[in-house]
């Protein structure tokens, strides 16, 4: 703490030195320029050994060479361009070279050296990359929606698939799904939750958008019963865990749920209140397994014409029709519909 960084400039307002307090030598970094204000040398005296990176430019200010000097040993890199200013060759210190080829509309078509092709690219008419074929035989293919946003990226080698990611977006262009990971945002397009193989994370912000909290230990808590006789994550109130914890106390014999033949009837699961533990409520999710029987009734939680709605704290999800076979479905509320803000423990417990 208490360290000071000092900057020095020349008469043309170009930075020429950087000095960190409490270190030697002074300055720590120096800069030199040509008459066109291109940096010609950057020397770092604070490293051991001292390192210098020097640049040479052509008549239109394109870098043609870079020389890195470390402990007195120099390593050169060369750059070549075509008449359109595109990089055509990159020469490494060992004198090996990479060549870049372009198609008729200026898009990179190949990257290669004298003996091998490292990558080839194909494009759509609107300049989106359709696929990239690499020297090791791996092919990456891309698909896009009407706005040009990627909807899938797939990497294959022969019949083997190494990567297959799908992407979903909201109307603002925020990524809400990437492979098995999901993301949610508030009305100002700020990230609220992220969940996937990396775990679950949640974020909170102050009134002017500063991020206040990242909860890296957020976990998904399943509120519905997991199976006959198993122990739920949270203890149901006023009934035996995972069995007949509803207002119609007769099991249908096929699941831990019950059936109803009354239109508009509701099965209610009472869940014990959450004890606030310093974390945040990422979302409220209601899940069900349901089907329509041969009379068109629904087996959980509402019967009526083969349609079902899930409700959380008095807020209904969308109405959905169901087939004759059991189907898993859920509705998630990342914010409280009444406020548009993140759920509080008091609201979930209400």
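The values are calculated or read from the model by the stated rules, or taken from the named source; none is laboratory data. Computed from a predicted structure; not experimentally measured. No Cβ is skipped: glycine too gets one built from the backbone with ideal geometry, and neighbour counts run over all protein chains shown.
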*Kindly establish whether residue 197 is within 13 Å of the chain's Cα centre (by Cα), surrounded by fewer than 14 Cβ atoms within 10 Å (Cβ to Cβ) and under 22 Å from residue 332 (Cβ atoms).*
yes
*Looking at 42, 18, 56, which one is outside any loop (DSSP other than H, G, I, E, B), closer than 28 Å to residue 102 by Cβ and not assigned by TED's automatic domain parsing to the domain that holds residue 107?*
56
*region 157-175: number of residues that are over 18 Å from residue 142 (Cα atoms) and at pLDDT 90 or above*: 3
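Could you please let me know if residue 46 is within 30 Å of residue 11 (Cα to Cα), surrounded by 13 or more Cβ atoms within 10 Å (Cβ to Cβ) and touching a residue at least 12 places away in the same chain (Cβ under 8 Å)?
Answer is yes for this residue.
Residues are listed down the side, and each one gets a yes or a no for (1) touching a strand residue (DSSP E or B) at 6+ places or on another chain (Cβ under 6 Å); (2) surrounded by fewer than 14 Cβ atoms within 10 Å (Cβ to Cβ); (3) in contact (Cβ under 8 Å) with a residue 24 or more places away in the chain; (4) assigned by TED's automatic domain parsing to the domain that holds residue 342:
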{"residue": "128", "(1), (2), (3), (4)": "yes, yes, no, no"}
{"residue": "137", "(1), (2), (3), (4)": "yes, yes, no, no"}
{"residue": "174", "(1), (2), (3), (4)": "yes, no, no, no"}
{"residue": "187", "(1), (2), (3), (4)": "no, yes, yes, no"}
{"residue": "192", "(1), (2), (3), (4)": "yes, no, yes, no"}
{"residue": "201", "(1), (2), (3), (4)": "yes, no, no, no"}
